[in-house]
There are 4 protein chains.
Amino acid sequence: MPKLYNEALQELAGVFDRIDEQAVDAAVAVIAGAGRIALYGVGREGLQIKGFAMRLYHLGLKAAVVGDMTTPPVSGGDLLIVSAGPGGFSTVLGLMGVATAAGAKTLVVTAQPDGDAARRADHVLTIPAQTMADDRGTNVSVLPMGSLFEGAQYILFEVMVLKLREQLGISTEAMRANHTNLE
Amino acid sequence: MPKLYNEALQELAGVFDRIDEQAVDAAVAVIAGAGRIALYGVGREGLQIKGFAMRLYHLGLKAAVVGDMTTPPVSGGDLLIVSAGPGGFSTVLGLMGVATAAGAKTLVVTAQPDGDAARRADHVLTIPAQTMADDRGTNVSVLPMGSLFEGAQYILFEVMVLKLREQLGISTEAMRANHTNLE
Amino acid sequence: MPKLYNEALQELAGVFDRIDEQAVDAAVAVIAGAGRIALYGVGREGLQIKGFAMRLYHLGLKAAVVGDMTTPPVSGGDLLIVSAGPGGFSTVLGLMGVATAAGAKTLVVTAQPDGDAARRADHVLTIPAQTMADDRGTNVSVLPMGSLFEGAQYILFEVMVLKLREQLGISTEAMRANHTNLE
Amino acid sequence: MPKLYNEALQELAGVFDRIDEQAVDAAVAVIAGAGRIALYGVGREGLQIKGFAMRLYHLGLKAAVVGDMTTPPVSGGDLLIVSAGPGGFSTVLGLMGVATAAGAKTLVVTAQPDGDAARRADHVLTIPAQTMADDRGTNVSVLPMGSLFEGAQYILFEVMVLKLREQLGISTEAMRANHTNLE
């Protein structure tokens, strides 16, 4: 394998060597027990959040992406999942405030467990990976800016989907049947 | 009222003087009787289609926008609503082919009832307004390009929502309760 | 013209009977003089903002929609245009704070000139139309929720595009040449 | 590292053991030499394409995502990059036809080098990974549906960005300065 792919994969492996698997399982349990699940993220983190949302929908969960046209309101029993890799974003914090005021719970995926978003969240899932909060200086990732965090999100969310699929007893065919043909 | 607003409103009034209200009512009936409803449009037409999708969702219909993360597949009993003001677009025609092959019905909103999209559609709703198919030469709208068509879509879709609300017996409060608070 | 279209158009006419044309011209001047222009709105207001953004791009201005993939940062000399019909939204207020802190100016389009967003804005453009801040009780629009405001946005933005086109000396053909063919 | 992460990373490593690095370098050269670059993909592939587009924009290239509000037209000298993991999608094939007719070149990222999209493309970049074209039966990925392909896209695109950054002589700080603050 050419060197750059290997470096990227090694760095991702390093993230998952450090991940707190109990926190992952706790997040999976929160998702499995939620009513409506709304998801939100900005920039490239937001893309990974959207990919996770689509798989939650394939699993038969009541998932929706904030900003899509058919997203419901959230209230008691519901869950807002947000991404805040470097700690906080104005729109993420704004939506967390709305969700909390409406009685919904919040789950933050972040690299900064002491950041603004994590401190306001009901549940925190920490990915120990570089973001734009710490991408300068020496000893940085071969990947630019927040790319290591975003790539780790991709793999983490896939693993969470596998765990949810098993816990919820959803077959691969059932997931597949929920995939849109309008492409 | 300053002149430009008046001209725009007069042109919009002219569109609705010419609209075929029976075709509007037929389209409303198709929507009211559909299973899943997927909606798609490109560019600024697509924006009006999205706004219509949100209101259909507020009405409690199973509406979703193609490209959003939680859009279901369509098949028999379902409906794909597309916009093709100037007659056809590659992606619109592609999706119509998929929907038809899957057994879903198609409803095209267009200014060109003899255009490519209309000819392939199960149902056609014609808005007699300028699009980019006829925006050059003399005797054109004060509004640029397809703006008259897109503005007419806005008003037409609102009126269709009012008709659907009455037919389906949905209260204003029920619609309002479906509006997301995640903004 | 069937009654519902006429009622909608009459209500829209009423909005533009009441609009402050000097404020419109001031907003046009702010846009014409801006560096980068970022635009943002939520829900169906957001759709109208996006349509406006596309036309600003067609005019050759450096416009971009917040949340799109190729949106630049803003700073001194730049402008953030937001929509806040009923007064304020958490994400709108969050982004206004970021823009202001970075030295950019903010222009708020709203129905509530005393609302949270307007009070924090550098420039306010008021559309005197019903939103979800005042859509209940007697004497309400035939259109549901914020539809009157959103429809008025459509027409207002079109008129502003016409004014900008003239001020900037952009030909219809030049605008048209900026329209994407990837549809 | 818990087992599932390891399995996912091992499968990704297997993809890059099999990748044709000359094809990657050829794709990088095509991108570096293109005028305007438009990018498009559907579903979760589309999300990875969008993430790539944002990084191309950070590199200072004239990149834009099809469907965003400020996407230019393409013609001679320009490039359309599409994703078609399982071989082809109706909207992807439609847009490729438009781009080719307008004189632009096309680059397809796919797992099926003999598929419909690849056969019509000017340039093909093959990712040897499971998609929904071959996700059933025995000997399938631990990841569902097209997740292995999409994860491989993430890593491949990051590596291509590193190659482009070096070839174009763009500093990390210059990339960072193009990152939007409107989040």
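The values are calculated or read from the model by the stated rules, or taken from the named source; none is laboratory data. Here the structure is a predicted model, which is why all the values come from computation and not from measurement. Positions of Cβ are generated from backbone atoms using ideal geometry, with glycine treated the same way; all protein chains shown enter the neighbour counts. For accessibility, only protein heavy atoms count, side chains too; no ligands or nucleic acids. Shrake-Rupley method; radii C 1.70, N 1.55, O 1.52, S 1.80 Å.
Summary table
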read-out	value
Size of charge dipole - region A:26-173 - debye, nearest 20, with Cβ of Lys, Arg +1 and Asp, Glu -1, no other charges	220 debye
Loop-resident sites, region A:104-177, for trypsin sites (Lys or Arg not before Pro), counting at most 16 other Cβ within 10 Å (DSSP)	A:Arg136
Summed buried accessible surface, chains C and D, 1.4 Å probe, nearest 100 Å²	2300 Å²
Occluded residues from region C:130-164, i.e. those whose accessible area drops by 50 Å² or more once the chain is not alone (1.4 Å probe)	C:Met132, C:Arg136, C:Pro144, C:Met145, C:Tyr154, C:Ile155, C:Glu158, C:Val159, C:Leu162
Alpha-carbon centroids, region A:54-80 and region D:92-128: separation in whole Å	34 Å
In degrees, nearest ten, helix B:21-32 long axis to first principal axis of chain B (Cα)	20 degrees
Average other protein chain Cβ within 10 Å of Cβ, residues A:33-46	3
Probe 1.4 Å, accessible area per residue of region A:1-117, Å²	30 Å²
Which of D:Leu59, D:Leu156, D:Ala118, positive extreme of dipole for chain D (C-beta unit charges)	D:Leu59
Student exercise, the protein assembly as shown dipole from Lys, Arg, Asp, Glu Cβ charges, in Debye to nearest 20	0 debye
Portion, in percent, of the accessible area of region D:122-183 that falls on carbon or sulfur, probe 1.4 Å	45 percent
With DNA, RNA and ligands ignored, accessible area of D:Glu21 (1.4 Å probe; Å², nearest 10)	40 Å²
Axis-proximal residue, chain B, for the rotation superposing B on A (Cβ, Å)	B:Asp68, 2
Cross-link pairs A:Lys50/B:Lys105; B:Lys163/C:Lys3; A:Lys3/D:Lys163 - those with Cα-Cα distance over 18 Å	A:Lys50/B:Lys105
Carbon and sulfur %, accessible surface of region B:38-121 computed with the full protein complex present, 1.4 Å	48 percent
Nearest-first distances (nm) between copies at B:Thr138, label 7 Å from Cα via Cβ	5.4, 7.8, 7.8
DSSP bridge pairs, region A:1-124: antiparallel proportion in percent, nearest 5	0 percent
Using θ = phi - 60° and Karplus 6.51 cos²θ - 1.76 cosθ + 1.60, couplings along region D:122-138 (whole Hz; Gly, Pro as x)	6, 9, 10, 10, 9, 9, x, 8, 4, 10, 5, 6, 8, 9, 10, x, 8
Spacing of the two label points (7 Å from each Cα toward its C-beta) at A:Lys3 and A:Asp114, in nm	3.6 nm
